[in-house]
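Student: Take a look at this one; I'll ask things after.
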Amino acid sequence: MTTSKKKNLVIKGNKKIWSGRFSEPVSELVQRYTASVHFDQRLAEYDIQGSIAHAEMLSATGIISKKDLIAIKQGLEQIRNEIYNGEFIWLSELEDVHLNIEMRLTSLIGDAGKKMHTARSRNDQIATDIRLYLRFSIDDIIAHIKIMQKALLDLAEKHIDTVMPGFTHLQVAQPISFGHHLMAYFEMLKRDTERLVDCRKRLNKLPLGSAALAGTSYPINRRMVAKKLGFDGVCKNSLDAVSDRDFAIEFCACAALIMTHLSRLSEEFVLWMNPSFGFISLADRFCTGSSIMPQKKNPDVPELVRGKTGRVNGHLVALLTVMKAQPLAYNKDNQEDKEPIFDTIDTLNDTLRIYADMLTGINVNKDAMRNAAMHGYATATDFADYLVKKGLPFRDAHEVVAKAVRFAENKNLDLSKLTLPELKNFSRLVEKDIFMVLTLEGSIQSRDHIGGTAPSQVRIAIKQARKELL
Ligand code: ARG
């Protein structure tokens, strides 16, 4: 479209709707620097919903006529269609999503369009748009978390009896069920959902009616607008409503935690795919090769999840920093909240979707897991506990077993491979039944309480988790 045709559409020359008191137009650079429409047009649907609810209230309270309301609604519906069909022309001269829609409305319906902004400011309008957008996004993210949790449960269920070494300090610690390990991530994601639900509750309040900062002299009905837009109530202070973005910061904190959890799992996948571990392999569609080393199969997807966690965590810090020195009430600084929020949502949704798929394509090498558990004296604690149950104080038992481990290490043998006389050398309390205790299965089965790794407990945990997901 030619520039002259563009201009004819809505504005004359470089004139802004607020330019009445200015003696010269803004420079091209300033226009580009201050415009947000190239990213905030993403809010168009919520901007339109907010405008319809606002106009309905203006008409119900007699601030505008019924006739004007009908025209406004028809015009906004047409604009919505134009946007969905990709026909709407976004102009950066018109700064943001709000002015683009309002100007188009006026060009469609004339004076009635100019009345839509009565008793409103872009300050309470944008605060409303972001809250609506975040509310929708939170519901979407929660749905994606559920799908990933379901994939975790399916995998965990297949590996209730799969033995792997549990680690502390990334050193073999005690044998665990692989299903139990996976269920740890189910728990993290469960708390992540709870946090999002909580964040949603706090952000689901209506800013509209706060106008620029102090409220408005028109006889508005804020509760009516809140109800129409599905808000649980109205923001109680106009200055706070137009200026704070704490709800967005909270959302970014929730997102950063989710990514951080997924980053931890990714780090494990990367390690487990290393041939020295060899615990798992990922389906080929999640890996790439090397352009120079023909033997390579790289876990690019988990690595990228780990990397993208950096950018999501960065967005949280960006929003905190945008907010930190702002005096009341609205400041243009807040325009900088959009891109971090949008990128957080996109990154998170993509990551959750890719993870749900990746979990279904994991190949588990049970032998490698078991072998690793056999080679780290993973049942040493069980040996100590055995001695304690026979009357030895725990600290003494710890000492006895440490010596036995050193002995076994010198012989390059697992504890379970030592002979009874050899074991008896370390404590007279040792009897034949020690060999039950020293097996990986015996160790796992003995941790049979809520939260423990015994397969019977893991089975119960998975069953309960499935119910929670319904
Ligand atoms: N684009 C602005 C933002 O994102 C909308 C509010 C602008 N208000 C104003 N008085 N300039 O925050």
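Student: So which pairs qualify, if the first residue must be in region 109-124 and farther than 16 Å from Ala212 by Cα and open to solvent by 50 Å² or more (accessible area, probe 1.4 Å), the second must be at pLDDT 95 or above and assigned to a loop (DSSP other than H, G, I, E, B), the Cβ gap must be under 6 Å, and the two must be at least 6 apart or on different chains?
Tutor: Lys115/Ile64
Student: Quick check on my filter: what residues within region 217-237 are part of a loop (DSSP other than H, G, I, E, B) and over 28 Å from the mean Cα position of the chain (by Cα)?
Tutor: Here is the first cut: in region 217-237, the residues part of a loop (DSSP other than H, G, I, E, B) are 217-221, 229-232, 235-237.
Ser217, Tyr218, Pro219, Ile220, Asn221, Lys236, Asn237 - these are the residues of region 217-237 that are part of a loop (DSSP other than H, G, I, E, B) and over 28 Å from the mean Cα position of the chain (by Cα).
Student: Restricting to region 435-465, what's the tally of residues that are exposed (fewer than 14 other Cβ atoms within 10 Å of the Cβ) and either in contact with a helix residue (DSSP H, G or I) (Cβ under 6 Å, 6 or more places away or on another chain) or in a loop (DSSP other than H, G, I, E, B) (or both)?
Tutor: So the answer is 4.
Student: Could you please find all residues in region 101-159 being small (Gly, Ala, Ser) and either away from the ligand (no atom under 16 Å from the Cβ) or assigned to a helix (DSSP H, G or I) (or both)?
Tutor: Our first condition is that a residue be small (Gly, Ala, Ser); within region 101-159, this holds for 107, 110, 112-113, 119, 121, 127, 137, 143, 151, 156.
Result: Ser107, Gly110, Ala112, Gly113, Ala127, Ser137, Ala143, Ala151, Ala156.
Student: Starting from residues that are hydroxyl-bearing (Ser, Thr, Tyr) and either within 30 Å of Ser266 (Cα to Cα) or open to solvent by 20 Å² or more (accessible area, probe 1.4 Å) (or both), keep the ones in region 184-220 and report whichever is nearest to the ligand (Cβ to nearest atom). First the steps, then the outcome.
Tutor: Taking region 184-220 and keeping what is hydroxyl-bearing (Ser, Thr, Tyr), we get 185, 193, 210, 216-218.
In the following step, the residues that additionally are either within 30 Å of Ser266 (Cα to Cα) or open to solvent by 20 Å² or more (accessible area, probe 1.4 Å) (or both) were identified as 185, 193, 216-218.
Working: Tyr185: 36, Thr193: 29, Thr216: 15, Ser217: 19, Tyr218: 19 Å.
Here the residue is Thr216.
Student: Free of Cβ contacts under 8 Å to residues at least 60 places away in the same chain, open to solvent by less than 50 Å² (accessible area, probe 1.4 Å), farther than 24 Å from Cys199 by Cα and within 16 Å of the ligand (Cβ to nearest atom): is that true of Ile83 in this structure?
Tutor: Working: free of Cβ contacts under 8 Å to residues at least 60 places away in the same chain: yes; open to solvent by less than 50 Å² (accessible area, probe 1.4 Å): yes; farther than 24 Å from Cys199 by Cα: yes; within 16 Å of the ligand (Cβ to nearest atom): no.
Judged against the criteria, Ile83 is not a match.
Student: Right, something else. For Ile89, are the conditions met, namely being surrounded by fewer than 17 Cβ atoms within 10 Å (Cβ to Cβ) and either more than 16 Å from the ligand (Cβ to nearest atom) or within 30 Å of Ala35 (Cα to Cα) (or both)? Walk me through it before giving the result.
Tutor: Working: surrounded by fewer than 17 Cβ atoms within 10 Å (Cβ to Cβ): yes; either more than 16 Å from the ligand (Cβ to nearest atom) or within 30 Å of Ala35 (Cα to Cα) (or both): yes.
When the stated conditions are applied, Ile89 passes them.
Student: While we're here: Sort out which residues of region 412-434 are of a type in the set (A, V, I, L, M, F, W, C), in contact (Cβ under 8 Å) with a residue 12 or more places away in the chain and either closer than 30 Å to Leu153 by Cα or outside any helix (DSSP H, G or I) (or both), and write them in order of number. Break it down into steps so the answer makes sense when it comes.
Tutor: Filtering region 412-434 down to residues of a type in the set (A, V, I, L, M, F, W, C) leaves 413, 415, 418, 420, 423, 426, 429-430, 434.
Within this subset, residues satisfying the condition of being in contact (Cβ under 8 Å) with a residue 12 or more places away in the chain are 415, 418, 420, 423, 426, 429-430, 434.
Hits for region 412-434 are Leu418, Phe426, Leu429, Val430.
Student: Quick check: is even one residue across region 341-353 away from the ligand (no atom under 16 Å from the Cβ), under 30 Å from Ala454 (Cα atoms) and open to solvent by less than 20 Å² (accessible area, probe 1.4 Å)?
Tutor: Looking through region 341-353, at least one residue is away from the ligand (no atom under 16 Å from the Cβ), under 30 Å from Ala454 (Cα atoms) and open to solvent by less than 20 Å² (accessible area, probe 1.4 Å).
Student: Give the residues of region 238-260 that are within 19 Å of the chain's Cα centre (by Cα) and open to solvent by 20 Å² or more (accessible area, probe 1.4 Å), sorted by residue number.
Tutor: The first filter runs over region 238-260 and keeps only residues within 19 Å of the chain's Cα centre (by Cα), leaving 245-260.
Within region 238-260, Asp246, Ile249, Glu250, Ala253, Leu257, Thr260 meet the criteria.
Student: Oh, and also: Tell me yes or no: at least one residue of region 438-448 is among the acidic types (Asp, Glu), over 30 Å from Phe286 (Cβ atoms) and touching a residue at least 60 places away in the same chain (Cβ under 8 Å).
Tutor: Within region 438-448, the first condition is being among the acidic types (Asp, Glu), and the residues that meet it are 441, 448.
From the residues that got through so far, the ones that are over 30 Å from Phe286 (Cβ atoms) too are 441, 448.
Retained after the next criterion (residues that are touching a residue at least 60 places away in the same chain (Cβ under 8 Å)): 441.
Looking for residues that are among the acidic types (Asp, Glu), over 30 Å from Phe286 (Cβ atoms) and touching a residue at least 60 places away in the same chain (Cβ under 8 Å), one finds at least one in region 438-448, hence yes.
The rows are residues; the columns are (1) in a helix (DSSP H, G or I); (2) modelled with pLDDT under 95; (3) within 24 Å of Thr193 (Cβ to Cβ); (4) charged (D, E, K, R).
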position: Gly215; (1), (2), (3), (4): no, no, no, no
position: Glu250; (1), (2), (3), (4): yes, no, yes, yes
position: Gly278; (1), (2), (3), (4): no, no, no, no
position: Ser291; (1), (2), (3), (4): no, yes, no, no
position: Leu304; (1), (2), (3), (4): yes, no, yes, no
position: Leu320; (1), (2), (3), (4): yes, no, yes, no
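Student: For residues that are within 11 Å of the ligand (Cβ to nearest atom) and either assigned to a helix (DSSP H, G or I) or open to solvent by 80 Å² or more (accessible area, probe 1.4 Å) (or both), tally how many sit in region 322-333. Working first, answer last.
Tutor: Going residue by residue through region 322-333, those that are within 11 Å of the ligand (Cβ to nearest atom) are 322, 329-333.
Now drop any that are not either assigned to a helix (DSSP H, G or I) or open to solvent by 80 Å² or more (accessible area, probe 1.4 Å) (or both), which leaves 322, 332-333.
Residues in region 322-333 being within 11 Å of the ligand (Cβ to nearest atom) and either assigned to a helix (DSSP H, G or I) or open to solvent by 80 Å² or more (accessible area, probe 1.4 Å) (or both): 3 in total.
Student: When the residues of region 27-50 are filtered to those that are within 14 Å of the ligand (Cβ to nearest atom) and touching a Leu at 6+ places or on another chain (Cβ under 7 Å), which remaining residue is farthest from Pro219 (Cα to Cα)?
Tutor: Val37
Student: Taking region 161-179, which residues are open to solvent by 10 Å² or more (accessible area, probe 1.4 Å) and not in a strand (DSSP E or B)?
Tutor: Asp161, His169, Leu170
Student: Determine which member of the set Leu155, Leu99, Leu105, Leu94 is over 21 Å from the mean Cα position of the chain (by Cα), closer than 30 Å to Ile462 by Cα and aliphatic (A, V, I, L, M).
Tutor: Values: Leu99 fails: closer than 30 Å to Ile462 by Cα; Leu105 fails: closer than 30 Å to Ile462 by Cα; Leu94 fails: closer than 30 Å to Ile462 by Cα.
So the residue among Leu155, Leu99, Leu105, Leu94 that is over 21 Å from the mean Cα position of the chain (by Cα), closer than 30 Å to Ile462 by Cα and aliphatic (A, V, I, L, M) is Leu155.
Student: Any chance region 277-285 includes a residue that's within 29 Å of Asn313 (Cα to Cα), of a type outside the set (Phe, Trp, Tyr), in contact with a helix residue (DSSP H, G or I) (Cβ under 7 Å, 6 or more places away or on another chain) and open to solvent by 20 Å² or more (accessible area, probe 1.4 Å)?
Tutor: yes
Student: Might you check whether a residue that is closer than 22 Å to Cys254 by Cβ and either modelled with pLDDT under 95 or buried (at least 17 other Cβ atoms within 10 Å of the Cβ) (or both) occurs anywhere in region 366-387?
Tutor: Initially, region 366-387 is screened for residues closer than 22 Å to Cys254 by Cβ, giving none.
Checked against the condition, which is being closer than 22 Å to Cys254 by Cβ and either modelled with pLDDT under 95 or buried (at least 17 other Cβ atoms within 10 Å of the Cβ) (or both), region 366-387 yields no hits at all.
The values are calculated or read from the model by the stated rules, or taken from the named source; none is laboratory data. The shown structure was predicted, so the numbers you read here are calculated from the model rather than taken from an experiment. Positions of Cβ are backbone-derived with ideal geometry, glycine not excepted, and every protein chain shown enters the neighbour counts. Just the protein is used for accessible areas: all its heavy atoms, side chains included, with ligands, DNA and RNA removed. Shrake-Rupley method; radii C 1.70, N 1.55, O 1.52, S 1.80 Å.
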